[in-house]
Amino acid sequence: MLKGIHHVAYRCHDAAETVAFYKEALDMDFQLAISEDRVPSTQEPHPYMHVFLDAGRGNVLAFFELPTLPAMGRDENTPEWVQHIAFEVEDLPTLLAARERLVGMGLDVLGPTDHGIFKSIYFFDPNGHRIELAANVGTQDQLDELHRIAPKMLQDWSRSKRTVRHAAWLHDGPDEGEPER
């Protein structure tokens, strides 16, 4: 039924600043803009600028600037590391080059962080959205094992709401019978 994600949309403070940031920081091409006085789906009277950026491989990242509404905030009950946009890069050298580029732009960049099957860096865009760039480094055996144990992990978590250790080998190293990293 689904072909993929058409686009993911977030709010921004300033559409022009946001487009410029994503073009400079991540080489995203500015695809198109839509501006209306009313929201097409609800007919609410909110003028907006809706911008669309090419995130690669048919993926689109979009933003809304809403100048007549109160300034945007964030969910203060959710840690800032939870809500983020993660983009895949080609490989580890590309990730490290992106880190240097972003640091050169004056951004505070965290990482690389080793997640076992991928390594990531993190930074914030001008709107306060956390961005992750990730380079896959895992093996097919690791991915197959994670897929195999995912239902059991979710079941055990749902029952206890406590950390489940079925994939601890991602950070702790392999146990007997677990895939090599």
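Here are the numbers for this structure:
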| quantity | calculated |
| --- | --- |
| Selection count, segment 60-92, where residues are of a type outside the set (A, V, I, L, M, F, W, C) and surrounded by 16 or more Cβ atoms within 10 Å (Cβ to Cβ) | 2 |
| Search result, residues across segment 123-149 that are of a type in the set (A, V, I, L, M, F, W, C) and within 21 Å of the chain's Cα centre (by Cα) | Phe123, Phe124, Ile131, Leu133, Ala134, Ala135, Val137, Leu143, Leu146 |
| Pair list, Cβ < 7 Å and 6+ apart or interchain, from segment 101-119 residues that are within 22 Å of His166 (Cβ to Cβ) to residues that are assigned to a loop (DSSP other than H, G, I, E, B) | Gly116/Gly138; Gly116/Arg181; Ile117/Val137; Ile117/Gly138; Phe118/Val137; Phe118/Gly138; Lys119/Val137 |
| Number of positions in segment 20-47 that are without any contact (Cβ under 8 Å) to a residue 40 or more places away in the chain and under 24 Å from the mean Cα position of the chain (by Cα) | 10 |
| Residue list for segment 122-149, restricted to those being farther than 24 Å from Tyr10 by Cα and among the hydroxyl-bearing types (Ser, Thr, Tyr) | Thr139 |
| Answer residue from segment 60-74, given it is under 19 Å from Glu44 (Cβ atoms) and in a loop (DSSP other than H, G, I, E, B) and is modelled with the lowest pLDDT among those | Met72 |
| Candidates Lys152, Lys119 - the one that is crowded, with 16+ Cβ neighbours inside 10 Å, of a type in the set (Lys, Arg) and farther than 23 Å from Tyr10 by Cβ | Lys119 |
| Every residue from segment 75-117 that is assigned to a strand (DSSP E or B) and under 17 Å from Ala55 (Cβ atoms) | His84, Ile85, Ala86, Phe87, Glu88, Val89 |
| Cross-chain or 6+ apart pairs with Cβ under 7 Å, segment 144-163 first and part of a helix (DSSP H, G or I), then among the hydrophobic types (A, V, I, L, M, F, W, C) | Leu146/Ala167; Ile149/Ala167; Met153/Val164; Met153/Ala167; Asp156/Val164; Trp157/Val164 |
| Any hit, segment 30-44, residues being buried (at least 17 other Cβ atoms within 10 Å of the Cβ) and not assigned by TED's automatic domain parsing to the domain that holds Leu146 | no |
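The values are calculated or read from the model by the stated rules, or taken from the named source; none is laboratory data. Predicted model, so just to flag it, every value in this text is computed and none were measured. Neighbour counts run over all protein chains shown; Cβ positions are idealised from the backbone, glycine included.
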